[in-house]
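What follows is a short report on a single structure.
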Amino acid sequence: MKLSDFDFDLPEALIATRPARPRTAARLLLAEGEAISDLHVRDLLGLLRAGDRLVLNNTRVIPARLTGQRQRGEAVAKIEITLMEPATEGWRAMAKPLRKVLVGEEIVFSPELSASVAEKSDTDLRLVFNLTGEDFDAALAQAGAMPLPPYIAAKRAPDAQDDDDYQTVFARHKGAVAAPTASLHFDAALLAALRDKGVQFTEVTLHVGAGTFLPVKVEDVATHRMHAEWGQVTPEAAAQINATRAAGGRVIPVGTTALRLIETAARSGRVEPWEGPTDIFIYPGFTFHATDALMTNFHLPKSTLLMLVSALMGKDRMDRIYAHAIAREYRFFSYGDASLLIP
């Protein structure tokens, strides 16, 4: 497989910069077998069955985008920082401009929040902040902004509406710097209606990293190295998923992050409790052990996420699904529409 096999032309007008309102009004492409249907997220109530189990990623996005100043003598320069993931001490972060930053420099983000540059590589920094714990969280909430994906941030700045739009209604555990975007389509009313119907829910945690937006740079797909992200599948969650499969119900991750995590935990053939970093890379030829279907948004050309859905549905099938979505003008990427993929 070559990287070019996963390329496609997407009209820029189909890149969503705001989500549908209400959340459940987003369109939903149902691909089941060879059939394709054009529906809406609210139609999940008629598509899911009692005994099905949705797997939800309950990570919470932090305001990881910061604008600061560094001073060298009398000269003051602006710098943009995006936190990527916690380090043993401090945070790994991307910087713009990176090349001008020096190890040992201090970056001031607000009267309360600053950081020193502890390390620098060709791609990122390690920052050590002046605050930790709840004090850091409070200062970050004041100084930071939602880390919108690059293809949205290039079109507009984040604003107060994104604080709600870019967070799931079941977000609980802080640590992600990107949202599990398929989950953004759910509101409390839809979740309650599905629960009343007999659909079951399991929550897992995968702290999505900024590496999810990094492009694949190798032409031979199999040689790509995934970024690692921290995740947890509790013993209770593992037992619930295994029980559903044993009873003949369908296990349906909501989003590629939930799918990657439960498949990490299922390499033995059944889901086991899991806690730690995962860099699982799912591309055509992968054997799924825990996933019966997937709800997900529409993904970037040449992305690992497009490779993942191609592994689930088949490459030729996904080509036809995406061609249909473009022809019917579905909205793409993080704030876009959704699909329910049933192999």
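The values are calculated or read from the model by the stated rules, or taken from the named source; none is laboratory data. Here the structure is a predicted model, which means the values were calculated and not measured. Because the Cβ atoms are built from the backbone with ideal geometry, glycine has one as well, and the counts that use them run over all protein chains shown. With ligands, DNA and RNA removed, areas are computed over all heavy atoms of the protein, side chains included. Shrake-Rupley method; radii C 1.70, N 1.55, O 1.52, S 1.80 Å.
Tabulated values for the structure
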quantity: Test for residue 98: is it in contact with a helix residue (DSSP H, G or I) (Cβ under 9 Å, 6 or more places away or on another chain) and part of a loop (DSSP other than H, G, I, E, B); calculated: no
quantity: Qualifying residues in the range 301-322 (those that are in contact (Cβ under 8 Å) with a residue 40 or more places away in the chain and of a type in the set (Gly, Ala, Ser)) - the one surrounded by the fewest Cβ atoms within 10 Å (Cβ to Cβ); calculated: 303
quantity: Filter result for residue 119 (free of Cβ contacts under 8 Å to residues at least 24 places away in the same chain and either in a loop (DSSP other than H, G, I, E, B) or surrounded by fewer than 15 Cβ atoms within 10 Å (Cβ to Cβ) (or both)); calculated: yes
quantity: The range 151-176: number of residues that are in contact (Cβ under 8 Å) with a residue 40 or more places away in the chain, open to solvent by less than 70 Å² (accessible area, probe 1.4 Å) and not hydrophobic (A, V, I, L, M, F, W, C); calculated: 8
quantity: Qualifying residues in the range 181-216 (those that are farther than 25 Å from residue 5 by Cα and of a type in the set (S, T, N, Q)) - the one surrounded by the most Cβ atoms within 10 Å (Cβ to Cβ); calculated: 183
quantity: Test set (1) open to solvent by 40 Å² or more (accessible area, probe 1.4 Å); (2) modelled with pLDDT under 95 - residue 3 fails condition number; calculated: (1)
quantity: Close pairs (7 angstrom Cβ cut-off, 6 or more residues apart or separate chains): at positive phi and in contact (Cβ under 8 Å) with a residue 24 or more places away in the chain in the range 244-256, open to solvent by less than 10 Å² (accessible area, probe 1.4 Å) and part of a helix (DSSP H, G or I) anywhere; calculated: 255/182; 255/183
quantity: Only listed residue being under 13 Å from residue 335 (Cβ atoms), among the acidic types (Asp, Glu) and modelled with pLDDT of 95 or more, chosen from 187, 196, 164; calculated: 164
quantity: Answer residue from the range 65-95, given it is assigned to a strand (DSSP E or B) and of a type in the set (Asp, Glu) and is most open to solvent (accessible area, probe 1.4 Å) among those; calculated: 80
quantity: Failed condition for residue 52, given (1) closer than 27 Å to residue 284 by Cα; (2) of a type in the set (D, E, K, R); (3) open to solvent by 60 Å² or more (accessible area, probe 1.4 Å); (4) modelled with pLDDT of 95 or more; calculated: (3)
quantity: Residue match in the range 217-232 (condition: of a type in the set (A, V, I, L, M) and exposed (fewer than 14 other Cβ atoms within 10 Å of the Cβ)); calculated: yes
quantity: When residues of the range 28-60 are limited to those that are among the charged types (D, E, K, R) and in a loop (DSSP other than H, G, I, E, B), the one nearest to the chain's Cα centre (by Cα); calculated: 52
quantity: First in the range 261-288 and within 15 Å of residue 239 (Cα to Cα), second anywhere and open to solvent by 40 Å² or more (accessible area, probe 1.4 Å) and acidic (Asp, Glu), Cβ under 6 Å, 6 or more apart; calculated: 265/272
quantity: Selection within the range 11-39 - open to solvent by less than 40 Å² (accessible area, probe 1.4 Å), in contact (Cβ under 8 Å) with a residue 40 or more places away in the chain and of a type in the set (A, V, I, L, M, F, W, C); calculated: 14, 15, 16, 20, 26, 28, 29, 30, 31
quantity: Residue list for the range 262-300, filter: open to solvent by less than 10 Å² (accessible area, probe 1.4 Å) and of a type in the set (Phe, Trp, Tyr); calculated: 298
